[in-house]
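None of the figures in this text is laboratory data; all of them are computed from the coordinates on show. Every value quoted in this text rests on a predicted model; they were computed, and no experiment measured them. Cβ sites come from the backbone with ideal geometry, for glycine too, and all protein chains shown count toward neighbours.
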Amino acid sequence: MKKSISGLVIFLFFILFVPFHTLADGCIKCHKELENALKAPAEAFQMDVHQKYGLSCTSCHGGNPEQEDIDAKDDSFKGVPLRKDIPELCGSCHSDSLYMRKFNPNLRVDQMELYWTSQHGQLLKTGDIKVAVCTDCHGIHGILESSHPRSWIFPWNIPSTCGHCHSNKEYMKDYSISVYQAEDYKQSVHAHALLEKKDLSAPVCNDCHGNHGAAPPEVTSIGYVCRQCHPSASELFSESPHKEAFDELEISECEACHGNHKILPPSDEMLGTGEGAVCIECHDPESTAYKIATTIKDELDDFKSKMLNAENKLQRADKQGVEISEARFRLQEAHTTLIQVRNLTHSFSLDKIEEKIKEGTNVIAEVSEAGDSALKEAKFRKRGLIVATFFIFLLAIALLFKIKQIEKKIPQ
Amino acid sequence: MKNLFQKLFAYFDSRLMLSTIGELAKKKTIPEHKHSFWYYFGGICLFLFIIQVITGILLLLYYKPTMDSAYESIQFIMSQVKFGWLIRSVHSWTANILIGAIFIHMFSAFFMKAYRPPRDLTWITGFFLLLLFMFFGFSGYLLPWNELSFFATRVGTDIAGTLPLIGKALKSFILGGPDVSGATITRFFWLHIAILPFFTLLFLGLHILLVQILGMSKPIGFPKAKVKEVPFFPNFILKDALGWMLILTLVGILCVFFPWELGKKADIFATTPLGIKPEWYFTFMFTTLKLVPAHFLFIEGELLAIFGFLIGGLIWLLVPYLDRKAAMEQKSPGFSLLGLIVLLYIIIMTALTYFHPNL
């Protein structure tokens with residue numbers, strides 16, 4: 001029995017460790033002794049996710065790692081794969097669900113299929129080898145897991161990864177597209193959320209353009225892309241008269257007012273007919289829509305000013321030490337209403353907006369009243385202090401006189 | 001009317017010996033000299049304690065000592081109850097001024113060597129009163145159940161937990177469990193309104209009785225013949241009352257312009273916020289614990305500091321018996337220097353807590 005267990009252990013040792021040990025040694029051992037470009041892959045591969053799952057140099061490059069003589073011919077050696085062949089090379093494993101499930105059954109296996117539908121894939125088929133292939137986005141020898149913050153495809157690295165080619169004027173000169181997308185994106189509200197607030201749910205290039213099947217969304221589909229994260233605004237827009245008009249005029253929905261890559265934080269100035277308003281780009285001053293836009297903006301401004309006024313009262317009362325937490329809690333409701341009103345502007349329905357504003361105005365009136373009574377209370381406290389101090393002062397003076405009077409009686 | 005008053009007085013006099021007490025009060029005198037000013041701090045402490053009792057009883061009408069409603073009940077007191085803000089602010093401000101006044105009273109007694117026999121017991125009862133009021137402060141601090149008090153209590157009891165052998169059991173006993181919880185607030189509440197007041201009244205009664213029996217101590221080196229004696233009643237008590245009025249005005253100004261804040265409700269799952277520190281009168285110990293090295297020879301630094309404070313406290317308590325010179329009515333500059341070092345240490349460490357919070 002003991003013998004059979006020892007035999008099993010030795011067998012397992014050879015099966016599990018010896019092959020990987022030998023494989024790793026052959027290529028990496030020699031390349032590590034070389035310099036620069038020949039050494040770098042061997043070093044980078046130590047961090048590579050493929051190495052972690054037991055793959056080696058031969059998995060992509062072929063060859064025999066046990067072969068000592070480097071000049072000897074080995075038919076299985078493929079050398080450096082050509083750019084045009086890279087999607088197929090990676091796909092030979094990544095599109096094989098049977099093979100991939102050994103490592104991660106949840107990993108998708110349609111990347112190559114999607115790639116060939118992408119703008120990059122389409123151009124590669126025509127022989128344009130400048131377009132992105134797998135290694136341009138994922139790296140070559142030091143490929144990290146996508147969840148690793150240093151991975152090229154980790155959310156906050158994606159704008160730079162895409163921008164590596166798309167922001168390069170020289171590289172992109174043969175293509176008739178802008179080279180400012182990454183730069184524009186970095187000024188957007190989405191980039192602020194991702195890069196400043198470290199909110200990984202904020203969209204990056206691939207969330208709108210797709211990743212492996214990368215292509216710009218069609219005019220009609222932009223709204224569908226945005227509503228993945230902004231369903232409420234999109235729903236309101238779809239029910240509004242703008243939807244039909246935009247479709248007819250082939251104007252992209254959200255992008256028409258908010259832009260595409262440089263989506264700045266939305267402001268109330270986008271509403272109405274003043275400077276920065278987007279409504280006036282389509283609506284004439286004589287039109288009803290123009291008047292509605294003016295009314296919406298005016299009512300919203302009025303609501304905000306009332307809210308600010310109530311907030312100021314609470315702040316002043318708070319500074320004077322009056323407890324106003326309940327009123328402040330109510331003010332939060334007004335803030336929520338403001339957010340709802342801003343969202344409702346996507347419906348372009350004056351009735352709906354007015355109804356919501358009325359709801360919020362009632363809340364603000366209560367808060368303002370609470371603020372007034374808190375300020376009144378602060379004034380009352382100060383007056384009370386003056387009165388009390390006056391009487392204490394009088395009593396102290398009286399005491400002082402009494403003390404002087406008594407002290408005169410004490411024999412020195 | 002006068003007749004009725006005389007009748008009432010006669011009724012109570014025959015039962016309570018009011019005339020005898022009056023006669024005693026008339027005979028009681030206070031020495032008057034260049035350091036007499038410090039005598040008034042005893043009266044100020046008593047006055048502040050009375051305010052504490054009155055405002056504390058009023059707060060009890062609305063305060064609810066549970067984890068779910070403690071904060072809300074204070075919020076209710078401060079926003080809905082008529083003059084609730086004033087009662088709560090007066091309670092909190094006077095609690096802090098009281099501790100400050102006790103420290104002044106204690107150090108003035110120390111530097112005047114008022115602890116020397118036969119007033120050694122007055123010193124000892126006073127020392128225990130200081131401890132009791134510090135416990136009052138510690139237990140009362142948690143009662144509003146706000147973020148600062150919650151974490152300060154946690155930090156404070158963690159320190160107690162580091163004591164060898166008894167540390168864990170002591171911490172668990174104080175908190176009513178392994179951490180600050182609903183059980184802690186109940187314990188602290190009963191400690192604050194029942195146990196501590198009982199012992200305080202006991203020691204305070206004894207302290208005042210001793211002061212009445214033994215009278216005020218004169219500083220060493222003041223010849224008896226040259227020190228003027230003034231009647232306690234009404235001369236001294238009227239001056240005392242003048243001091244109380246000044247304190248009352250100060251408390252009023254503080255309450256109106258700087259009402260005691262409630263802060264955010266404690267969240268037991270939140271991480272300890274930065275810069276958390278105990279009430280100011282504990283900060284000299286808190287900063288010491290932060291400054292001591294992790295290890296000193298083979299002993300843990302924190303433990304060494306705790307033992308240092310315990311031994312220091314014991315020496316401070318027994319100073320009437322250690323200062324032999326003062327006991328023989330001789331000047332003892334060594335003990336004056338010791339007092340000065342302790343005072344400077346407390347001031348410097350307290351100042352460091354506030355001016356260099358990231359030490």
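Assorted remarks:
- Residue exposure proxy: A:K169, A:K52, ordered by other Cβ atoms within 10 angstrom of their Cβ from fewest to most, comes out as A:K169, A:K52.
- Distance between the modelled labels on B:K82 and A:E239, one decimal in nanometres: 5.0 nm (7 Å Cα→Cβ projection).
- Charged-residue dipole, Cβ positions (Lys, Arg, Asp, Glu), segment A:288-409 about Cα centre, Debye nearest 20: 1140 debye
- Length released on extending from B:V227 to B:F355, taking residue separation times 0.36 nm less the Cα-Cα span: 41.7 nm
- Only Lys, Arg, Asp and Glu carry charge here, each on its Cβ (+1 for the first two, -1 for the last two); on that basis the protein assembly as shown has a dipole of about 7220 debye about its Cα centre.
- In chain A, helical runs assigned H by DSSP with n ≥ 4 each contribute -39500 (n - 2.57); averaged across all residues and rounded to the nearest 500, the mean residue ellipticity at 222 nm is -18500 deg cm²/dmol.
- At least 20 Å along the helix axis (C-alpha) and Kyte average at least 0.0, DSSP helices within chain A: A:2-16, A:350-409
- Inter-label distance for A:R108 and A:L200, nm, one decimal - labels placed 7 Å from Cα along Cα-to-Cβ: 1.7 nm
- Chain lengthening between B:E261 and B:W280 when straightened (0.36 nm per residue, less Cα-Cα): 5.3 nm
- Whole-Å distance, taken between Cα centres, linking segment B:54-102 and segment A:258-292: 54 Å
- Burial ordering of B:H295, B:H192, A:H230, fewest other beta-carbon atoms within 10 Å first: B:H295, A:H230, B:H192
- Sorting A:W116, B:W93, B:W123 by the number of Cβ atoms found within 10 Å of their own Cβ, with the fewest placed first, yields A:W116, B:W93, B:W123.
- Debye log10 I(q)/I(0) for chain A, one point scatterer per Cα, at q = 0.06, 0.08, 0.09, 0.10 Å⁻¹: -0.50, -0.71, -0.80, -0.90
- Comparing A:L385, A:L400, A:C93 along the charge dipole axis of chain A, the residue lying farthest to the positive side is A:L400, per the Cβ-charge model.
- Per-pair calculated FRET efficiency, R0 = 35 Å: A:E170 and A:V80 via Cβ, rounded to 0.05: 0.90
- Relative to the longest principal axis of the Cα atoms of chain B, the long axis of helix B:196-214 makes an angle of roughly 30 degrees.
- Residues with amide H under 5 Å from that of B:E32, placed H, sequence gap 5 or more: B:K228, B:E229, B:V230
- Overall form of chain B per C-alpha gyration tensor (a/c, 1.5; a/b vs b/c): oblate
- Efficiency of FRET from Cβ geometry, A:C229 and A:K404, R₀ 56 Å, rounded to 0.05: 0.10
- Helix B:120-142 and the long axis of chain B differ in direction by around 40°, with both axes built from C-alpha atoms.
- What the Cβ-Cβ distance of A:D284 and A:E88 gives, at R0 = 60 Å and to the nearest 0.05, is a FRET efficiency of 0.60.
- Simple rule: put +1 on each Lys or Arg Cβ and -1 on each Asp or Glu Cβ in segment B:208-359, find the dipole, and look at B:I253, B:A294, B:L209; the Cα lying farthest toward the positive end is B:L209.
- Were the residues from A:E218 through A:Y53 laid out at 0.36 nm apart, the gain over their Cα-Cα distance would be 55.5 nm.
- Shape category assigned to segment A:288-409 from the gyration tensor of Cα positions, a/c cut at 1.5: prolate
- Label separation (B:Q6 vs A:E326): 5.7 nm, computed from points 7 Å beyond Cα along the C-beta direction.
- Cα gyration tensor category, rounded, prolate or oblate, for the protein assembly as shown with a/c compared to 1.5: oblate
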